[in-house]
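So the structure is just underneath, and the comments pick up after that.
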């Protein structure tokens, strides 16, 4: 089974879409994030993916009021990404209502902190963000590239109980071109113990979608 997880990208508290992660190629939508979240909840969606694009650039969460509003108004299980570079920021995100936190840059630059968070908060709440461009993991809101491959990054945290990874092929993000099936199939086959959330084609509404796949027999979401 595949679970569809709608994604809302945020800049200045508004729904946006970037093309290939380029902040200069931004489309802003009229609908409010809260209205979109309520619409998703009304049709039975259970989990929502929120991305703080301001926070990704600023290295701190910038749109927490949006998270708080959605958490207070709906029963959605919210996963939050963007700006989580410290334990204080992580705690703020959970306090604002997120059930899961996506950490990418900190996993690359401060791997010991990421390991500590896996232990303290639990692998079911801490998700590794490993978005790639030309085979390398990108960080800081996709503005910089690291020397790490996604496989090397995943391998480094498996001994610490890593259970979930979200991966986007940046070259296809926001391009209405669909997922990189070959990449995700390879990752699933290579890491059957890990649940992967992958970016899918953005819809016509002001939010994109993710398809959550898993080859983990213990997970209810199996492709």
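All of the numbers you see were taken from the coordinates with simple rules; none came from a lab. Treat the numbers as computed from the prediction; the structure is a model and nothing was measured. Here the Cβ positions follow ideal geometry from the backbone for every residue, glycine too, while neighbour counts run over all protein chains shown.
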Peptides ranked, highest mean first, by Cβ atoms within 10 Å: ranges 125-138, 107-120: 125-138, 107-120
Given points 7 Å out from each Cα along the Cα-Cβ axis, report the residue 152 to residue 94 separation in nanometres with one decimal. 3.0
Which FRET efficiency value, to the nearest 0.05, is calculated for residue 182 and residue 144 with the Förster distance at 22 angstrom and r the Cβ-Cβ distance? 0.30
Hull-based mean projected area of region 1-124, where the convex hull spans the alpha carbons, in square nanometres: 8.2
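Quick one: Cα convex hull volume of region 105-169, Å³ per residue?
Numbers: hull volume 4.8 nm³, N = 65.
About 74 Å³ per residue, rounded to a whole number.
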So, in nm, how far is label residue 87 from label residue 42 when the simple model puts each one 7 Å beyond its Cα toward the Cβ? 4.3
Between residue 110 and residue 124, with labels modelled 7 Å along Cα→Cβ, what's the label distance in nm to one decimal, could you check? 2.6
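Among 91, 105, rank each residue by its count of other Cβ atoms within 10 Å, from fewest to most, as a rough exposure measure. Each step should come with its number before you reach the end.
Values: 91 13, 105 23.
By the 10 Å Cβ count, ascending, the order reads 91, 105.
Ranked by Cβ crowding within 10 angstrom, fewest neighbours first, how are 195, 185, 74 ordered?
Fewest to most other Cβ atoms nearby, the residues stand as 185, 74, 195.
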Counting other beta carbons within 10 Å of each residue's own, what order do 151, 42 fall into, fewest first? 42, 151
